[in-house]
Amino acid sequence: MARVVGVRFKKAGKIYYFDPGDLNVASGQNVIVETSRGVEFGEVVVGPKMVEEKDVVQPLKQVQRLAGPGDEETLEKNRELAKEAFRIGIEKVEEHKLPMKLVDVEYTFDHGKLIFYFTADGRIDFRELVKDLASVFKTRIELRQIGVRDEAKMLGGIGPCGRPLCCATFLGEFDPVSIRMAKEQNLSLNPSKISGICGRLMCCLKYESELYREQRAELPEKGTRVFVPDYGEAEVKEVEPLKKKLTVKPIDGLGVFAVEADEVEVLKPGQKGTSKEKKSSKRESGPQTSRRTAQGEAKKQSKGGRATADQQKTSEKAGKATSESDQHRSATDQRQTLSPQASSEEKKTNKRRRSKRRRRPKKQTNENDHTPEQSGKPSKDSDSRA
């Protein structure tokens, strides 16, 4: 663990850690520290605290001393000299006809270095410009190329929301921002709507991105099939994570509807939604269910009674058939037990009946009712080769 203090050199600038040593340093005080650029004047924004060694950039430099009134006067004088250097720098850039835009000029606290910040589309050969500036200011010259976001941070301005730029007021570092963050928040993807004055995506897209991501993890994605009690199966068209609402379109209907996310049931591939009747039947209990069970038992009993009646009818029919067969058998037994005279008389009567049948004349057939053999014409099925 290391004891450090946080020092900032510019408004909304990056915070650097320094070792306070034996000095009694508190937040809000001005200090003089040594940096890679030389001696600098800064403000303590983070009071003494203990941090892990891995969070500190080694070697950890020490705070030289607390700043006094004379140091503040020197700082103001350096700012006035930087304004004059900025005017001269613009003239020299025009003389050398270089495609670069000068943004800001800064003196180090001990006048050891003069830094020029500029923007350009590509690499610039400014060696002749550095020589010319060094001959004018008689000190070390550094030209540092920056991006458009850093330019907006240095210059400041008013954002599309009507407030001062976040980067110029409180943002110490630039976090990466992507177009995916705008999509997750259902924002318009029109560049003029989501871009800042620097021409890049607005830094504020990052602020609520994590919250939207957490809320979306609990809701169905766009295009998911769900079951809605009032509309049946539907497809999710829009998702509002903060309100926890879904805009759905019924598969078998027209129009789109806004519903609460808690009311829908996400369907798996191939799964069908459960109808309201089935859900309501599951919820029914008490006298209604007992009444239904009683009706079911009554139906079963009625079916059982019908089955027994049918069985009785079939048994009665079987009994009648057996009685008739018994009677027939008894009659035949009686015939067999008759005397020989009765049997001879019965034979005579049978012969008479046969003779009468033979004497009956045959019916006359119509001329049109010829059989295939009588007419001599083959029938349809007589010759299969026809």
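The values are calculated or read from the model by the stated rules, or taken from the named source; none is laboratory data. This one's a predicted model, so the numbers in the text were calculated from it and none came from an experiment. Backbone-built Cβ (ideal geometry, glycine too); neighbour counts: all protein chains shown. All accessible areas refer to the heavy atoms of the entire protein, side chains included, with ligands and DNA or RNA removed. Shrake-Rupley method; radii C 1.70, N 1.55, O 1.52, S 1.80 Å.
Here are a few things to note about the model shown:
- Between Thr224 and Val236, the built amide H atoms are under 5 Å apart, and every one of these is 5 or more places off in sequence or on another chain.
- Accessible area (Å², 1.4 Å probe, nearest 10) - Lys61: 80
- In Å², nearest 10: area of Glu73 left accessible to a 1.4 Å probe: 130
- Rounded if a/c under 1.5, otherwise prolate or oblate - region 105-205, Cα gyration tensor axes: prolate
- Probe 1.4 Å - accessible area at Cys203, Å² to nearest ten: 30
- Sequentially through region 220-234, phi angles give Karplus couplings (6.51, -1.76, 1.60; θ = phi - 60°) of x, 7, 5, x, 6, 7, 9, 10, 10, x, 7, 10, x, 6, 8 Hz, Gly and Pro residues having no value and appearing as x.
- Cβ-defined net charge surrounding Asp262, 11 Å radius [Lys, Arg +1; Asp, Glu -1]: -2
- Calculated over region 65-133: convex hull of Cα atoms, volume per residue (Å³): 98
- Note on surface exposure: Arg353, Arg8 rank Arg353, Arg8 by accessible area, highest first, 1.4 Å probe.
- Region 202-239 versus region 51-77: alpha-carbon centroid distance in Å: 49
- Cross-link check: pairs Lys14/Lys113; Lys61/Lys92; Lys206/Lys244; Lys222/Lys243 evaluated at a Cα-Cα cut-off of 25 Å; pairs beyond the cut-off: Lys61/Lys92.
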